[in-house]
Each structure stands twice: as C-alpha cells, then as structure tokens.
Amino acid sequence: MTANAMRRLLDRVGEALDGMGPFDSAAEEADAHRHLLRLCSAGLDLFVERADPARPLPTVWMSPTRKFLGDSPDTIYTTMPVSSAHSYALTIKPGNAVYVGVVVYSRDEPGGPVRAVSSLVDTDMTTTDGTFEIAVGAGVATDDAGGLYLDDRSFWVMVREYFSDPHDHQAATITIERTDGAGIDGLPDPADLAAGIDAAAVWICSQARADAALYELVAFPEGSRVESDPDVEVSDDLVSLFYPTPDITYQGCRFTLDTDEQLALTFTPPACRFWSVVVSTPWFESLEQRSTPASINSAAAEMSEDGTVTVAVSERDPGVANWIPLRGYRKGQVAYRVLLGEKIAANSSFIVKFSG
C-alpha cells in the first residue's frame with residue numbers, strides 16, 4: 001500500500017518536472033528544479049510528517065530555503081493541522097514581529113477554493129505575561145474575540161508574522177496542544193500514511209503548475225517590450241492554492257528586463273501597519289536575501305518630499321536609495337502589499353525604462 005503510494009509520488013514529481021520549461025539557460029533550468037525540490041520538502045511536511053490533527057505539529061511554510069506562492073523575506077508563516085473533531089489550545093509568545101495574525105482555513109469540497117473561517121489580529125488577542133492564549137475548536141463561539149472557531153471542514157490554522165528587519169527575525173514561539181485528549185504514539189497506520197503521501201504528491205504537482213501559471217496570468221507593466229498572452233489558460237489548481245487573509249491587499253506585475261532596463265514602481269503608501277515591495281522569480285519565490293535585498297518595506301524605505309516612494313528593480317545599480325538588484329534574473333514578478341491599511345491608492349505606477 002505505502003510502496004505504491006511512494007511510486008505514485010515519484011510519478012507525480014516526474015509530471016511536474018516534465019511540465020517545466022522551456023528554459024533560456026541552464027541556470028534558469030536549475031532554478032526551476034530547485035523550486036520543485038523545495039515544494040517536495042514543504043509537501044512532505046504539510047501532508048505527511050506534520051499533517052495529523054490528532055497530533056498537531058507546527059510547520060514553518062517558508063524560509064530562506066523553502067519558498068513558494070509569493071513568499072516574502074519579511075514574513076514567517078506557520079501552519080498547524082486541525083479538525084473540528086478535536087479542541088486545541090494555541091499559544092503564541094511573540095518575538096519582535098510588527099504584526100501577528102491567525103486565520104483558520106476550510107474547504108467546502110476537496111480541491112475547491114480555500115476560505116477563511118475565523119481570524120484574529122494581535123491587538124484582539126488575550127495575553128498572559130506577554131503570551132497569546134487562544135482556544136481553537138468547534139465549541140468556540142464565532143464572535144469570541146479570544147478564540148478561533150472551527151467548522152466541520154476546517155483543516156489548517158495559519159499564523160502570520162511580519163518583521164520590519166528581514167535580517168532580524170526573532171520568531172514567535174508557537175505551540176498547539178489538544179485539550180480533548182492526547183495523541184497515541186506508535187507505528188504509522190498504512191492507509192493514513194498512503195493517503196498522506198498521495199496528498200503530498202497531488203499538492204506538489206498542483207503547486208508547481210500554479211506557480212508557473214501565476215507568472216503567465218500577471219500583467220506586464222507600462223513600457224514593457226513584452227506583452228501578455230491574452231489566450232493564456234488558467235490552471236484548474238490555481239483557485240485551490242491561495243490562502244486569503246482579510247488583513248492584506250496587493251498590487252503587482254511581472255517583468256522581462258534587459259540589463260540596461262529597470263522597473264520603477266512608484267506609489268503613495270496609505271496609513272497602515274506595514275507595507276512592502278518584494279521581487280520574486282518566475283516561480284513566485286522571493287529572491288534570495290542572505291546578503292542582497294529582495295524587499296523594501298515601510299521601516300527602511302526612503303520617501304520623497306511629496307510622500308511618494310519609488311522602488312527600482314534592475315540588474316545595474318540605478319543610483320537610487322530604494323533598489324532591489326536582480327542578481328542575474330531577467331524574468332520575475334513584483335508585489336506591493338499593504339497590511340492592515342487603507343485601500344491601496346489607484347495612482348500606483350509600474351513603468352519599465354532604461355537605467356541610464
């Protein structure tokens with residue numbers, strides 16, 4: 001049973017591998033294959049090793065070496081499996097995040113769109129000695145400001161943390177425990193393990209297709225020498241792989257740039273808790289940021305006298321303060337997100353021009 005599931009997993013990964021490309025260079029191909037390996041890492045954690053709602057364990061979705069679905073170097077996302085058949089105590093001891101938010105996710109049918117069932121923001125949570133204590137379960141009232149309600153289709157709780165300094169993430173300590181009984185350790189159930197492997201296989205393949213499809217769907221900016229394909233097909237998987245939160249709004253575009261071109265994003269930040277501009281690869285992974293910036297945020301950006309911010313994205317240094325270097329990438333995406341703010345102003349602009 002489990003051997004066949006393992007073979008199906010390898011077949012699915014092979015499908016995803018065959019669906020990538022064509023590529024302009026060996027380095028671009030390697031980048032795509034690294035992306036697929038990262039999805040394998042996340043999929044096995046999310047659907048096999050840390051997937052049992054009777055024995056929940058937190059999984060850090062994204063990190064410097066695990067990226068997908070428009071991750072950001074300013075964030076840490078942590079998920080935990082849940083079920084309305086159980087009740088839980090979720091505790092969050094914050095680090096130095098400027099925002100902590102929690103959302104319960106559900107699906108009305110397998111493979112269908114994800115919806116938010118209940119959510120909390122740090123300012124709404126009850127604290128004891130600086131630690132947030134949250135009751136989670138079907139018995140929690142939907143209007144309980146100190147708890148999270150689970151409906152009969154709830155499957156994940158996600159904790160989002162946002163940080164002003166991408167090089168100084170003092171992450172929260174997050175724990176979740178069942179309050180309706182303890183899990184039982186022992187040998188894995190073959191049927192459960194096989195089902196988890198199959199779920200991981202489906203997710204890895206679907207996520208790889210969705211990440212590629214997102215690049216094709218996003219519009220090019222003004223002045224781009226490349227135009228969008230009006231007949232691009234939307235992947236059936238796409239709608240089921242987003243995890244919405246009521247706290248964030250977005251704008252963005254994709255780009256194809258020569259070494260003498262730059263993408264200039266200009267906007268007036270609204271009143272908000274936090275905003276950021278993040279550059280991603282065509283696979284919707286944020287660029288590596290171990291030593292070179294991949295994001296500009298509200299804590300570090302330089303603002304013009306008229307209150308606007310301009311962020312430049314290019315290979316060559318354009319001599320401006322808010323610059324995100326491409327470090328060899330020619331294709332990618334840029335996302336401007338606003339957290340707990342007013343609506344993003346309509347006069348934001350995305351323009352391709354020569355670097356000079």
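The values are calculated or read from the model by the stated rules, or taken from the named source; none is laboratory data. Everything numeric here is computed off the predicted structure, so don't read it as measured data. Note that we place each Cβ from the backbone using ideal geometry, even for glycine, and neighbour counts take in every protein chain shown. Heavy atoms of the whole protein, side chains included, go into the accessibility calculation; ligands, DNA and RNA do not. Shrake-Rupley method; radii C 1.70, N 1.55, O 1.52, S 1.80 Å.
How much area per residue is accessible in the stretch 16-97 when the probe is 1.4 Å and only protein heavy atoms are counted (Å²)? Before the final figure, lay out the partial values.
Details: 3320 Å² over 82 residues.
Spelled out: the 1.4 Å probe surface of the stretch 16-97, per residue, equals 41 Å².
Please sort 191-197, 155-161 by packing, taking for each peptide the average over its residues of neighbouring beta carbons within 10 angstrom, highest first. Don't skip to the answer; put the middle values down first.
Values: 191-197: 17.1, 155-161: 22.7.
Ranked by mean Cβ neighbours within 10 Å, highest first: 155-161, 191-197.
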Placing each pseudo-label 7 Å from Cα in the direction of the beta carbon, Thr2 and Arg153 end up separated by a distance in nanometres of 3.2 nm
Partner lysines whose C-alpha sits under 18 Å from that of Lys353, ignoring same-chain residues fewer than 8 away, are Lys331
Counting only protein heavy atoms and using a 1.4 Å probe, what share of the accessible area of the chain belongs to carbon plus sulfur, as a whole percent? 52 percent
Let me make sure I get this right: for the stretch 60-121, a, b and c are the square roots of the gyration tensor eigenvalues over alpha carbons, sorted descending. Under 1.5 in a/c it's rounded, otherwise prolate if a/b > b/c, else oblate. Which is it? oblate
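What percentage of all Cα-Cα pairs in the stretch 143-267 are separated by more than 16 Å? Before the final figure, lay out the partial values.
Details: 6291 of 7750 pairs.
Percent of Cα pairs beyond 16 Å in the stretch 143-267: 81.
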Student exercise, the stretch 142-294 dipole from Lys, Arg, Asp, Glu Cβ charges, in Debye to nearest 20: 400 debye
By what distance, in whole Å, do the Cα atoms of the chain stretch along each of the three principal axes, largest value first? 65, 49, 35
Of Ser119, Ser291, Ser84, which has the largest mean-square fluctuation in a 10 Å C-alpha GNM of the chain? Ser291
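Thr131 to Asp11: FRET efficiency via 1/(1 + (r/R0)^6), r the Cβ-Cβ distance, R0 35 Å, to the nearest 0.05? Mind showing how you got there, number by number?
Details: r = 45 Å, r/R0 = 1.29.
It comes to 0.20.
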To the nearest 10 degrees, how steep is helix 190-217 against the longest Cα principal axis of the chain, on a 0 to 90 scale? 20 degrees
Just to confirm a number: summing +1 for Lys and Arg and -1 for Asp and Glu over residues other than Pro56 whose beta-carbon lies under 15 angstrom from that of Pro56, what do you get? -4
Compute the length gained on full extension between Asp180 and Ser63: take 0.36 nm times their separation in residues and subtract their Cα-Cα distance, giving the result in nm to one decimal. 38.9 nm
If the cut-off is a Cα-Cα distance under 27 Å, which lysines reach Lys93, setting aside same-chain residues fewer than 8 apart in sequence? Lys67
To the nearest 20 Debye, how big is the dipole of the chain about its Cα centre, given +1 on the beta carbon of each Lys and Arg and -1 on that of each Asp and Glu? 340 debye
